[in-house]
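The values are calculated or read from the model by the stated rules, or taken from the named source; none is laboratory data. On a predicted model such as this, the values are computed, not experimentally measured, just so you know. Because the Cβ atoms are built from the backbone with ideal geometry, glycine has one as well, and the counts that use them run over all protein chains shown. The accessibility values were calculated without ligands, DNA or RNA, using every heavy atom of the protein model including side chains. Shrake-Rupley method; radii C 1.70, N 1.55, O 1.52, S 1.80 Å.
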Amino acid sequence: MSENIFLFIPNIIGYARIILNFIAFWYMTTDYVIAASCYVGSALLDAFDGHAARMFKQSTKFGAMLDQLTDRTATMCLLVALAYFYPQWMFLFQMSMTIDIASHWLHLHSSNMKGIANHKMIDLSGNPILRVYYTSKPVLFFMCAGNELFYSALYLWHFTEGPQIPLLFWSCGLWPLMFYLCLPIAVVKTGISLVHLVVASQNIGVIDVEERAKAREEHSK
């Protein structure tokens, strides 16, 4: 009897994430409590699907792609809402979406072309920034969580400043405070995505040169 990989536990977790994201998208402009709760809930589940895949030995290419697409589309739809709430910054949100999607798409395909099943399994002799980013779990978690907190805080700030946090000489709302604290992380994360884009382009270029050289060699025989 063949396995039904679509019913593997980590993939079911992935479906739950998609449902939570759809609910978040629906309420994003009308009810920030429901939207934020579902969005954060989906993000938290993202921490469990990988553990479930390893625990139950149910890692699949479909699951990896599902996880990747869920992450990218969730962030993209949040940025669409931010562009709606902050039209004066629309260009920056559009650029952020473009860089995020293009860099991950190109890096994923360049990895597949090199025969690497998982886009995170980069060549350790490659770019040092990506090497640290993908081989240090604390760094990866810190950067991804900080980036999500940056956009989430900006979203919530549109509706409320949140509870006041007493600082040294004044108090500040939780959401603007989180926004400013996570701003450097979001900038660095965008820089890493640009490195993704450049490295992936270079890898594909190497593959193209090798294939063209091989084709010329075969043609000359």
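Side notes on the structure shown:
- Counting the residues of segment 19-35 that are surrounded by 15 or more Cβ atoms within 10 Å (Cβ to Cβ) and either closer than 18 Å to Gly50 by Cβ or among the aliphatic types (A, V, I, L, M) (or both) gives 6.
- Number of positions in segment 38-71 that are open to solvent by 40 Å² or more (accessible area, probe 1.4 Å) and either of a type in the set (A, V, I, L, M, F, W, C) or under 14 Å from Ile18 (Cα atoms) (or both): 13
- Applying a threshold of 9 Å to beta carbon distances and a minimum spacing of six or more residues, or different chains, the list of pairs starting in segment 71-91 at a residue that is basic (Lys, Arg) and ending at one that is open to solvent by 30 Å² or more (accessible area, probe 1.4 Å) and assigned to a helix (DSSP H, G or I) reads Arg72/Ile101; Arg72/Trp105.
- Matching option when the condition is more than 16 Å from the chain's Cα centre (by Cα) and modelled with pLDDT of 95 or more, among Thr60, Thr98, Thr160: Thr160
- Only one of Ile165, Ile207, Ile185 that is among the aliphatic types (A, V, I, L, M), more than 18 Å from Ala43 (Cβ to Cβ) and in contact (Cβ under 8 Å) with a residue 24 or more places away in the chain: Ile207
- A count restricted to segment 159-180 and to residues that are open to solvent by less than 80 Å² (accessible area, probe 1.4 Å) and assigned to a helix (DSSP H, G or I) stands at 7.
- Of the criteria (1) over 17 Å from the mean Cα position of the chain (by Cα); (2) among the small types (Gly, Ala, Ser); (3) modelled with pLDDT under 95, which one Ala47 fails: (1)
A quick yes/no check of all residues on (1) within 19 Å of the chain's Cα centre (by Cα); (2) within 21 Å of Ala83 (Cα to Cα):
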residue	(1), (2)
Leu7	no, no
Tyr15	yes, no
Trp26	no, yes
Tyr39	yes, yes
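- Test: residue in segment 134-154 that is within 17 Å of the chain's Cα centre (by Cα), at pLDDT below 85 and part of a loop (DSSP other than H, G, I, E, B): no
- Selection within segment 72-97 - open to solvent by less than 80 Å² (accessible area, probe 1.4 Å) and of a type in the set (Phe, Trp, Tyr): Phe85, Tyr86, Phe93
- Ile129 surrounded by 13 or more Cβ atoms within 10 Å (Cβ to Cβ), of a type in the set (A, V, I, L, M), out of contact with any Gly (no Cβ under 9 Å at 6 or more places or on another chain) and not in a strand (DSSP E or B): no
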